[in-house]
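The values are calculated or read from the model by the stated rules, or taken from the named source; none is laboratory data. Keep in mind that this is a model prediction, so the values were computed, not measured. Positions of Cβ are backbone-derived with ideal geometry, glycine not excepted, and every protein chain shown enters the neighbour counts. The protein model used for the area step is the full one, side chains on, heavy atoms only, and it has no ligands, DNA or RNA in it. Shrake-Rupley method; radii C 1.70, N 1.55, O 1.52, S 1.80 Å.
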Amino acid sequence: MQTRFTTEQMADPAIRDCERNLRACVHCGFCLSTCPTYTLLGDELDSPRGRIYLIKDMLEHDRPATAEVALHVDRCLSCLACQTTCPSGVNYQHLIDHARAHVEDTYRRPFLDRTLRRILAMLLPYPARFRWALRAAGLARPLARLFSGRLSAMLTLAPARLPAAGREESLHIFPAVGPRRKRVALLMGCAQRVVAPSINSATIRLLNRHGVEVVTPNAAGCCGAIVHHLGKAEQARGLATAAIEGWMQEIAAGGLDAIVVNTSGCGTEIKDYGHIFRDDPVWAAPARAVSDLARDISEFMDEIGIQAAIPDAANLTVAYHSACSLQHGQKVTRQPQALLAAAGFTVREIPEGHLCCGSAGTYNLLQPEIAGRLRERKLANIASVGPDVVATGNVGCITQLQRGGNAKIPVVHTVELLDWATGGPIPEGFAGKN
Ligand code: SF4
Ligand code: SF4
C-alpha cells in the first residue's frame, strides 16, 4: 500500500512503525474471512482491511479521529486473527494499539461512553478497588434484567459470590517441592486474582510440584494490557514500568528462569514490552529482558515436562478453547493441548476455533451486542463436540463463556486441569458438575 507521510511525520518512531505496517498491506483481503466482526457484520469498515484504510487516512492527514473511525476501531476485538491470516506480515497489533491511543487523545466521546471507560480504567487494574466494585455489582446483579446494553452486561458478568482471596495474597515465595530445578516469577495480575484466585493457586501448586520455586513480587500486578486496549497508553506504560521494575529486582536478587503468565491477554502484552519501550532510554533494555523471559504457563510446562498423570483424568473429554491472545497473539497452540493429552484427558478441538468468544478484555462490557453473538456462536461450537469440560488459558474467556454462572458445560483454566491430574484438588468450576 502506498503511503504519503511527510518527513516531519516520519521523524516520529510510532508513525514510522505504522508506516512500515501500512506499506506491508497489499489489500489482498485474505484477512476478511477470519475477522469475527466482518463475519458478523459484513461491513468492509469492520474488517481488518477497512480499518487499516481508516487508520491510514487518519494518520497521514494527522486528523483527529472522527466518530466513524472511533466506531470501527472500537468494534475491533484486538483478537489478531487477521495477523495470523495475513500473508504479508502486517503487524496489526501495533497498528490498532496506535490507533486506539490516537482515538483516545483526539476524539471526545459521548459523556456516558467517556465516563464508563474512565471508570473501567480506574477500577480494573487495581485489585482492591475492583473487589469493592464487584461486591457492589454483585448486590445489584438481580436487577440486571431491568436494564439493557452495557449496564446489563456489567451486572450479568459480575459474579454472584466473590471467592475468598488465596494465600498468594500474603505470601510471596513458594518453594519447590523436592530439589529446586527452576526459579520463576508468576504474574499475579489484576482482575483474575479477584474473580478467580484459584487459577494462581493451581499454577503455583503445579509449578512447585514440578520442582519450580515461584516468587510473586508485589510490584508486578497489572501488566497494563487492559488499559492499553482502552487507548490509555500512558497509564499502561506506568503499570508496565512498575511491573518491569519488580521483576528486575527479582532478577537481581536471585535470578529468574522465566516470568510465567497464566492470563494469555497479559502474556501477549508482556511479550510486546520490548517493542513498546524500544525507544525509551531508561526502559528499553529491561523491557526487552522481561519480554525475553515471558512464557505462557503452557509453554513453560511444555519445556520442563509434566509428571505422569493420575487416573482421575481418564475418560474425560476436554474441549480446548484456544484464547485469541494465546493462539494469535503469542502463536501458542500446540502446548496446551499436548499437556492436557499427556495428563490423560481426551482433547477435542472446537470448530471455528480461530473465532473470538467475544471476551477481549473489556469488549464484552463495551460492545455487549457483538460480544453476545460471538459467545452464542462459540457455545454452539463447543456443544457440537460434546465435552465434559472446556479448558482455556485466559480468565476473560472463562468469565465470558460462563456468563451468569449458569453455563451447562463447566469452563476452567487449563492449568487447573493439569494441577488436578498431577495431584491437586479438583477444579472449583468443575466440582459438583462432573
Ligand atoms: S483484530 Fe480481530 S476483530 Fe480486529 S480486525 Fe483483526 S480479526 Fe478483525
Ligand atoms: S491479509 Fe494482510 S495484506 Fe491482505 S488485506 Fe489483510 S492486512 Fe492487508
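Brief remarks on what is shown
- Listed by first and then second residue, the pairs linking a residue in the stretch 62-87 that is on the phi > 0 side of the Ramachandran plot to a residue that is within 7 Å of ligand 1 (Cβ to nearest atom) and not polar (S, T, N, Q), with Cβ atoms under 6 Å apart and 6 or more places separating them unless they lie on different chains, are SER78/ILE96.
- Note on the stretch 125-176: residues that are in a loop (DSSP other than H, G, I, E, B), open to solvent by 50 Å² or more (accessible area, probe 1.4 Å) and either among the hydrophobic types (A, V, I, L, M, F, W, C) or modelled with pLDDT of 70 or more (or both) amount to 10.
- Boolean, ALA220 is open to solvent by less than 10 Å² (accessible area, probe 1.4 Å) and modelled with pLDDT under 95: yes
- Selection status of VAL390, in a strand (DSSP E or B) and under 20 Å from ARG193 (Cβ atoms): no
- Filter result for LEU71 (more than 26 Å from LYS331 (Cβ to Cβ), hydrophobic (A, V, I, L, M, F, W, C), open to solvent by 60 Å² or more (accessible area, probe 1.4 Å) and more than 13 Å from ligand 2 (Cβ to nearest atom)): yes
- Residue count, the stretch 87-110 (criterion: within 10 Å of ligand 2 (Cβ to nearest atom) and either of a type in the set (Val, Ile, Thr) or open to solvent by less than 30 Å² (accessible area, probe 1.4 Å) (or both)): 3
- The set of residues in the stretch 270-279 being assigned to a helix (DSSP H, G or I) and open to solvent by less than 20 Å² (accessible area, probe 1.4 Å) consists of ILE270, TYR273, GLY274.
- Qualifying positions in the stretch 24-51 - hydroxyl-bearing (Ser, Thr, Tyr) and closer than 17 Å to GLY89 by Cβ: THR34
- Screening the stretch 6-18 for residues that are farther than 20 Å from ASP280 by Cβ and either surrounded by 20 or more Cβ atoms within 10 Å (Cβ to Cβ) or among the hydroxyl-bearing types (Ser, Thr, Tyr) (or both) and picking the one that is nearest to ligand 1 (Cβ to nearest atom) gives THR6.
- Residues within the stretch 52-66 that are assigned to a helix (DSSP H, G or I), open to solvent by 60 Å² or more (accessible area, probe 1.4 Å) and away from ligand 2 (no atom under 14 Å from the Cβ), tallied: 1
For every residue, the table says whether it meets (1) more than 16 Å from ligand 1 (Cβ to nearest atom); (2) open to solvent by 30 Å² or more (accessible area, probe 1.4 Å); (3) assigned to a strand (DSSP E or B); (4) in contact (Cβ under 8 Å) with a residue 60 or more places away in the chain.
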| position | (1), (2), (3), (4) |
| --- | --- |
| ALA253 | yes, yes, no, no |
| THR268 | no, no, no, yes |
| PRO281 | yes, yes, no, no |
| ILE306 | yes, yes, no, yes |
| VAL318 | yes, no, yes, yes |
| HIS328 | no, no, no, yes |
| VAL332 | yes, no, no, yes |
| ALA341 | yes, yes, no, no |
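- Answer residue from the stretch 7-23, given it is of a type in the set (A, V, I, L, M, F, W, C) and either within 14 Å of TYR92 (Cβ to Cβ) or in a helix (DSSP H, G or I) (or both) and is nearest to ligand 2 (Cβ to nearest atom) among those: LEU22
- Of all residues making up the stretch 86-103, the number that are among the aliphatic types (A, V, I, L, M), closer than 18 Å to ARG117 by Cα and within 12 Å of ligand 1 (Cβ to nearest atom): 2
- The stretch 74-84: number of residues that are open to solvent by 20 Å² or more (accessible area, probe 1.4 Å), assigned to a helix (DSSP H, G or I) and within 8 Å of ligand 1 (Cβ to nearest atom): 2
- On the stretch given as the stretch 24-51, residues that are in a helix (DSSP H, G or I) and either within 6 Å of ligand 2 (Cβ to nearest atom) or among the acidic types (Asp, Glu) (or both) total 6.
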